[in-house]
Amino acid sequence: MQYRKEIDGLRAIAVVSVILSHIGIQAFEGGFVGVDVFFVISGFLITSLILSDMAHGKFSFLDFYYRRSKRILPALFLTVMLTLLAGWYILLPVNYADLIRTALNLSVFSSNIYLSKVSGYFDTNSIHNPLLHTWSLSIEEQYYLIFPVLLIVIFKLFENKKYVLKIVGYTLLAILSFSLFYAENKVRSKPDSAFFLLQTRMWELMIGSLAAYLVLFKHELISGVHPIIRRGLSYGAFAALCYAILTFNESTPTPGFLTLFPTLSTACLILFIHQESYLYQVLTYRPVIFVGLISYSLYLVHQPLVAFSRYANVQFDALNIVLLLMVIFALGYLSWRFVEQPFRKISAQKKQTVLVSSVLIIVFLFSALLLASKQLGFPDRFPPSINQISAKSTDLSMYPHCAMSGKTADNALCIIGNKDKVTTALLGDSHAYALASGFKQYAVDQNTGVYLSSGATCPPVLDVFRADMLKSTICEQKVKQSIDYVLSNPDIKNIVIVGRWSLYLDKQLFDNQEGGKEYGRRAYLDVIDNGHKVLHEEQKRKELLMEKYVETINFLIQSGKKVILVYPIPEVGWMTPLQMSRNMLYSNQAINPDYLVTTRYDVYLNRHQKVINAFDQIAFSENFVRVKPDQVFCNTAVKDRCIASIKHVALYHDDDHLSEEGSNMLFERIRPELH
């Protein structure tokens, strides 16, 4: 296949965009679409090689996997080993255990499947995972395993060359269509898992495959396009790609229809870029091509460096960003020069040796990592006091089996305590889920039961929906069913409601303005009008949503049951157990003797003022009580600060959910109001 310099130029744009996005450069929030560009390029190049060989009757699985092994595995193996070595010295046990599990799944090219089950791509836990980026490599490896087999089956079934090529074209188009529509549906209902999976990404590879098909077998269609139109298409495509990089963010539903911007743009540039255009000269400028040539190694080394830097609490100011980029490019070059290049030059006569060695190394890695995964992150590396604190990061609730529907796995209602004497309902999102542990001792002492209904990013508000998950109806159904159950049960006297009210209103993740920043998808709500989901203009959305907050609370008050409204719980921004452990390891005990983790009280007030004002204006009622968490956690132990830990005890299990100890502290304000 003829070398095309401009494709390396596209690789350069893709990898730089990904790196800047992961570092946190705000202008490049959408830089993660660089991976979509890589998928299209991979689909184009791999399909070109396979179809060209098959059309000439010389395709060999042995040759194909030999070339792929030389290209991918050496630098990948080295990166994984060095990352595991560095993680031994840097990561706490809970995080090192996660790194080992990711590497274990990567060794059999399934890290994307593992990551889809444990966290979202944009979550705080994910950005601390040094091997997060390997999800895309796993997808490509899965593609390499499936796609050649599919094509060889088609070529075997249909011997007529002209006919078989039509079948191939229709097959590629069918896979593209099915995968795209499946992805669009999946990303609107389960966006975190949709991000990682082959079945939701296959269409991107197929766009590249179809581009290769057109170049190989329908070249007259491409060459027949007028030069002016070709230039217009290529410049328009480049503009669309830049638009995606500069405007997409973690809330953009991807992969889905919007991902057509970067994918179709890449395909158009591959098909229609004109060699005499200024754009071609930019993409083939020697420094740009060089970045493209080393893009694989750059991609491999950047995430471990970024993740370890974040984990070590390095502030990403201008100087540190420049230094980090210099290190990324230096290590990327070294990996390309001394690992990628020598292995690519291995003689084809050593084909079997390379393949057998690759298989043996994979088996060894899998076996070693499988054994290591049983060691729980090797906690003996740290003092017991640090392990005890860091273990809190895995302790979200005593009731993980009833996290969404208010029902357990066996479809029974989720009850804390006495199931035959349920007197209290705890309704809310994941903050209610975290608060539940505070009710356990109360239920025992009073021989009573507490009905728990909580769902992640699903607050107890009627007639609203998750606007970032249009196709999902789980949230609104859960809320309605829970409230209907509570109001229809005469034994339930108390309703405690809790939620991250400001998050859904303002669509802003928390930033404590001292280096602690929450990561993840921006979940937000909109209002159902006359039974229809409507996306309102932003200011109108906020006004209507606040009205629904108040309307739902008043509706519950009017039921005659006692309503206990929990105001916004202070957020932290840092992973609290991790921050405490870092303080114990690295901070000056004379300055911070209790290794406290605290945040500014004024930041809390500014973030939640609109919600606080609205809740304050709810009319007085004898069966309505306000509980204000800031009176528990803020301006108490430390003046003008909100505490996230006290006396070596973490009050949060992450950056916003209370731990058992924090839940117990807040519950002491709730307990006197229950009857």
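The values are calculated or read from the model by the stated rules, or taken from the named source; none is laboratory data. Note that this is a predicted model, so its numbers are computed, not measured. Virtual Cβ from ideal backbone geometry, glycine too; neighbours counted across all protein chains shown. Areas reflect the complete protein model, heavy atoms only, side chains present, ligands, DNA and RNA absent. Shrake-Rupley method; radii C 1.70, N 1.55, O 1.52, S 1.80 Å.
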Task: Heavy-atom accessible area per residue - the range 230-306, 1.4 Å, Å² - done: 38
- [ ] Could you work out the per residue convex hull volume over the alpha carbons of the range 223-370, in cubic angstrom?
- [x] 218
- [ ] Using R₀ = 25 Å, calculate the FRET efficiency as 1/(1 + (r/R₀)^6) where r is the Cβ-Cβ separation of Leu605 and His532; round to 0.05.
- [x] 0.10
Open item on the list: Counting pairwise Cα distances across the range 194-294, what percent come out greater than 22 angstrom?
Closed with: 39
Task: Normalised contact order of the range 550-675, rounded percent, pairs of Cα under 8 Å and 6 or more residues apart - done: 36
Task: Angstrom value of the Kirkwood radius, inverse mean 1/r, which spans all Cα pairs in the range 228-274 - done: 10.8
TODO: Summarise the accessible area of the chain (1.4 Å probe, protein heavy atoms) by the percent that is carbon and sulfur.
DONE: 59
- [ ] With a probe of 1.4 Å, find how much accessible area the range 87-174 has per residue, and write the answer as a whole number in Å².
- [x] 40
Task: Amide H partners (placed H, <5 Å) of Thr448, local residues excluded - done: Asn418
Task: Cα-based equivalent ellipsoid, the chain: semi-axes from gyration tensor eigenvalues, Å - done: 49, 29, 23
Task: In order through the range 597-607: 3J(HN,Hα) via Karplus (6.51 cos²θ - 1.76 cosθ + 1.60), integer Hz, x for Gly, Pro - done: 10, 9, 10, 6, 5, 5, 5, 4, 5, 5, 5
Open item on the list: For a Förster distance of 25 Å, can you work out the FRET efficiency between the beta-carbons of Ile362 and Lys58, rounded to the nearest 0.05?
Closed with: 0.35
Task: Surface accessible to a 1.4 Å probe, Lys186 within the full protein complex, Å² - done: 40
Open item on the list: Between the range 111-164 and the range 639-675, what is the separation of their alpha carbon centroids in Å?
Closed with: 43
TODO: Determine the order of Trp135, Trp88 by accessible area, beginning with the largest, at a probe radius of 1.4 Å.
DONE: Trp88, Trp135
Task: Listed residue (Leu371, Ser265, Leu319) projecting farthest to the positive dipole end of the range 265-376, Cβ model - done: Leu371
Open item on the list: Report the Cα-based extents of the range 517-625 along its three principal axes, largest first, to the nearest Å.
Closed with: 58, 37, 21
Open item on the list: Using a probe radius of 1.4 Å on heavy atoms only, what accessible surface per residue do you get for the range 540-643? Whole Å² is fine.
Closed with: 43
TODO: Pairs of Cα atoms under 8 Å, at least six residues apart: use those to get the relative contact order of the chain, whole percent.
DONE: 15
Open item on the list: Are there any trypsin sites (Lys or Arg not before Pro) in the range 443-548 that are in a DSSP loop and have at most 15 other Cβ atoms within 10 Å? List them by number.
Closed with: Lys471
- [ ] Find which of Gly515, Gly428, Tyr451 sits farthest along the positive direction of the dipole of the chain, computed with +1 on the beta-carbon of Lys and Arg, -1 on that of Asp and Glu, about the Cα centre.
- [x] Gly515
Task: Relative contact order, percent, the range 41-176 [alpha-carbon distance under 8 Å, six or more residues apart] - done: 20
Open item on the list: Using DSSP to call loops (not H, G, I, E or B), can you name the trypsin sites (Lys or Arg not before Pro) in the range 564-671 whose Cβ has at most 15 other Cβ atoms within 10 angstrom?
Closed with: Lys639, Lys647
Task: Rg followed by Dmax, in Å, when the range 1-156 is reduced to its Cα trace - done: 17.5, 54
Open item on the list: Can you list residues from other chains, or at least 5 along the same chain, whose modelled amide H is less than 5 Å from the amide H of Val563?
Closed with: Ile495, Phe624, Val625
TODO: Could you work out the Rg to Rh ratio of the range 572-675, with Rh taken as the Kirkwood radius (inverse of the mean 1/r over all Cα pairs)?
DONE: 1.03
